[in-house]
Amino acid sequence: MADTLDHMAGLCRALGRAPEAAHWAHLSTSIRRVLDHQPRTPWSLLRRSLDAQGLLALRDSELLERVRRADHDEIAHMQRRLPAGARALIRHGQHPLRHRVADEDVLLEADLERHLPADLVDLLAPEGPEDALVPLGRAWMQAKQVRRELATAAGTPDAWHMVGGLRRTDPVSPDVALLAVTEEPAAWSRRAADALPRDVLVVAGAHAVAVAAEPEPIVVHAVTPESVATSLAWYTGPRGHVRALKARAAAAGLALTREALLDGSTAVPLADEGALYTRLDLPFIAVELRSRPNVIEAALAGTLPTLLEVEDIRGDLHMHTVYSDGRDSVAGMVHAARALGYGYMAITDHSPTAKASRVLTLERIAEQAGEIAAVRALVPGITILHGIECDIQEDGSLDVPDAVLERLDIVLASLHESHGHSPARLLQRYERVMRHPLVNVITHPANRSPGRQPGYSLAFERLFEHAARTGTAVEIDGAPGHLDLDSPLAETAAAIGAPMLVDSDCHMADRLGRQMRFGVGLARRAGITKAQVLNTRDVSAIRDFVAAKRQGRPWQA
């Protein structure tokens, strides 16, 4: 218990909460004095001694009861407010920590290697149950908000770059990190530290600041334009890939740092991140592949795939409107899709039994068809498909009659509810619905939610094999609440030859492009190429794909 209180005092000092730090330290000292005199003092007598000294307010008493039962909620909460590097220092006895200001020693991962022995550098990544993972959608929104706040506080930098898990499209990440590119990184960081409120600024250093966010702070590294190439590689990571790049540089007589690639004491000019890889005699390695084992060897062997690009996407076949739980009208979604340069898109609202806030009733399907026809006449240059996202029922049937589905251009099916079924039974429901000639797409097959629940555990190889046999597409879904299929499932689906789509599953027009970027990022993590994705083709290929299954003929990719 005394050790825990010392730990909390160190955390409070790191957060600039000196009075609380002193209070916990005093409590710890008092407990140790009692135990030094009588080591086996029971808790009841120890508490009575602390009460007699006036040290236990009600909050303290409740906290110590929890600490005594090893329930460390308060400690975990404070640790989550520190950058991962600061937590690493605490774990390895490098405290007391202090809240830093811009011109003092730095406590951020940006400079942590100056404070830790070399053998501890690899331990900087968050670990243990107290460390939180940030879902991609939340991280993206937090980064957007922090950019606004810091631009107001310190001035808009020349450029922003997302790094770390955000740039790699990790569905969940132990960090949220940005680069702010400016000619004067120290001055920019100082202005940010001086202008941000105390409860917003977690830690500040000479070239970086950490801004409070839940569950993890956002670390912003200020770098010069000349440092962008190496900083992007360094902070994008992952750490093992950076180690490999450093080793390759060292073998060539160079030194790779955050700030530069050094030849002796001279910085090698680098126009961009690609030039860094070229100088290390490597092909450029896509950020989404850098977590893969042996990726450098694969790059040197020329076996890395040419990955899908956002620009390859010709249309989006999964989105929602006010007819179900979307925010925008049919016209609003159509205009947003056309602005992204799509040649086609599908309106696919939720069917009657979905547990969404609103659903598309059977009575309103005809009304929606009329509205889509009107918008088609008003908005040229984009093909609007009328579809639906049907729920797969407990017995594997659909909740919309075939007579209605026949009138639609495309039919998506989703298994939102497990009904407590075993993996084998879930697979049976999927297989039954894939045999249906009117079902074209299985959406977010694992039904996962990153950071919340892992989704279904079933024989996905069999599901993908059945999709390939029946000519049913499986979807890579870019909605932050799904991000499904993620690798390695998407990689497995592609290897088996299941038809694949990348969709946004978007419910808001202004997020259509962002969620498609997430979906494409997931596909790239799985090594997916343009040729493996149906909606990189024009709308005639989509219509042929749907028609082939309805007519019972094989579909040729």
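The values are calculated or read from the model by the stated rules, or taken from the named source; none is laboratory data. Predicted model, so just to flag it, every value in this text is computed and none were measured. All Cβ positions, even for glycine, are placed from backbone atoms using ideal geometry, and neighbour counts span all protein chains on display.
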Select, from Val411, Val375, the only residue that is assigned by TED's automatic domain parsing to the domain that holds Leu340 and surrounded by fewer than 21 Cβ atoms within 10 Å (Cβ to Cβ). Val375
Condition check: in contact with a strand residue (DSSP E or B) (Cβ under 9 Å, 6 or more places away or on another chain), of a type in the set (Asp, Glu) and either under 25 Å from Val502 (Cβ atoms) or free of Cβ contacts under 8 Å to residues at least 24 places away in the same chain (or both). Does Glu417 satisfy that? yes
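Quick one: which residue in Thr266, Thr321 is outside the structural domain of Leu254 (by TED's automatic domain parsing) and β-branched (Val, Ile, Thr)? Reasoning before the result, please.
Values: Thr266 fails: outside the structural domain of Leu254 (by TED's automatic domain parsing).
So the residue among Thr266, Thr321 that is outside the structural domain of Leu254 (by TED's automatic domain parsing) and β-branched (Val, Ile, Thr) is Thr321.
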The residue that is farthest from Leu300 (Cα to Cα), considering only those in the stretch 227-263 that are outside any helix (DSSP H, G or I), small (Gly, Ala, Ser) and touching a residue at least 24 places away in the same chain (Cβ under 8 Å), is Ala260
With the checklist (1) within 24 Å of the chain's Cα centre (by Cα); (2) in a helix (DSSP H, G or I) in hand, flag the one item Thr278 doesn't pass. (1)
Do any residues in the stretch 422-446 that are touching a residue at least 24 places away in the same chain (Cβ under 8 Å) and of a type in the set (Gly, Ala, Ser) have Cβ atoms under 9 Å from those of residues that are part of a loop (DSSP other than H, G, I, E, B) and surrounded by fewer than 19 Cβ atoms within 10 Å (Cβ to Cβ), where the two are at least six apart or on different chains, and which pairs are they? Ala424/Ala459; Ala446/Pro454; Ala446/Ser457
Just to check your reading of the model, which residue among Asp510, Asp505, Asp484 is within 27 Å of Val359 (Cβ to Cβ), at pLDDT below 95 and assigned by TED's automatic domain parsing to the domain that holds Val330? Asp484
If you go through Arg452, Arg429, the only one that is at pLDDT 95 or above and basic (Lys, Arg) is Arg429
Over the stretch 281-334, the set of residues farther than 30 Å from Cys390 by Cα and under 22 Å from the mean Cα position of the chain (by Cα) is Ile285, Ala286, Val287, Glu288, Leu289, Arg290, Ser291, Arg292, Pro293, Val295, Leu307
Could you figure out which of (1) assigned to a helix (DSSP H, G or I); (2) of a type in the set (Val, Ile, Thr); (3) over 23 Å from Ile285 (Cα atoms) isn't true of Val474? (1)
Can you tell me which residue among Ile365, Ile384 is in a strand (DSSP E or B), over 27 Å from the mean Cα position of the chain (by Cα), of a type in the set (Val, Ile, Thr) and surrounded by 15 or more Cβ atoms within 10 Å (Cβ to Cβ)? Ile384
Looking only at the stretch 352-389, count every residue that is closer than 22 Å to Val433 by Cβ and modelled with pLDDT of 95 or more and tell me the total. 6
Filter the stretch 305-336 for residues that are among the β-branched types (Val, Ile, Thr) and in contact with a Phe, Trp or Tyr (Cβ under 9 Å, 6 or more places away or on another chain); the one that is nearest to Lys355 (Cα to Cα) is Val330
When you look at Ala531, is it assigned to a loop (DSSP other than H, G, I, E, B), among the hydrophobic types (A, V, I, L, M, F, W, C) and at pLDDT 95 or above, yes or no? no
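Yes/no matrix, rows are residues, columns are (1) in a loop (DSSP other than H, G, I, E, B); (2) surrounded by 24 or more Cβ atoms within 10 Å (Cβ to Cβ):
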{"residue": "Pro445", "(1), (2)": "yes, yes"}
{"residue": "Tyr456", "(1), (2)": "yes, no"}
{"residue": "Ala495", "(1), (2)": "no, no"}
{"residue": "Val502", "(1), (2)": "no, yes"}
{"residue": "Arg514", "(1), (2)": "no, no"}
{"residue": "Gly527", "(1), (2)": "yes, no"}
Could you list, in sequence order, all residues of the stretch 317-342 that are surrounded by 21 or more Cβ atoms within 10 Å (Cβ to Cβ) and assigned to a helix (DSSP H, G or I)? Val330, Met333, Val334, Ala336, Ala337
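For the stretch 355-387, which positions are small (Gly, Ala, Ser) and in contact with a strand residue (DSSP E or B) (Cβ under 7 Å, 6 or more places away or on another chain)? Even if it seems obvious, please write down each step before you answer.
First, the residues of the stretch 355-387 that are small (Gly, Ala, Ser): 356-357, 366, 369-370, 373-374, 377, 381, 387.
Passing the criteria: Ala356, Ala369, Gly387.
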Condition test on Val203, is it among the β-branched types (Val, Ile, Thr), farther than 25 Å from Thr169 by Cα, assigned by TED's automatic domain parsing to the domain that holds Glu149 and assigned to a strand (DSSP E or B)? yes
In the stretch 534-557, which residue that is in contact with a helix residue (DSSP H, G or I) (Cβ under 9 Å, 6 or more places away or on another chain) and surrounded by fewer than 18 Cβ atoms within 10 Å (Cβ to Cβ) is modelled with the highest pLDDT? Ala541
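Applying the selection to the stretch 450-478, what residues are of a type in the set (S, T, N, Q) and in contact (Cβ under 8 Å) with a residue 60 or more places away in the chain? Even if it seems obvious, please write down each step before you answer.
Start the filter on the stretch 450-478 by keeping residues that are of a type in the set (S, T, N, Q), which leaves 453, 457, 470, 472.
Those that are of a type in the set (S, T, N, Q) and in contact (Cβ under 8 Å) with a residue 60 or more places away in the chain: Thr470, Thr472.
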Quickly run through the stretch 196-225 and pick out the residues that are surrounded by fewer than 24 Cβ atoms within 10 Å (Cβ to Cβ), out of contact with any Pro (no Cβ under 8 Å at 6 or more places or on another chain) and at pLDDT 90 or above. Pro225
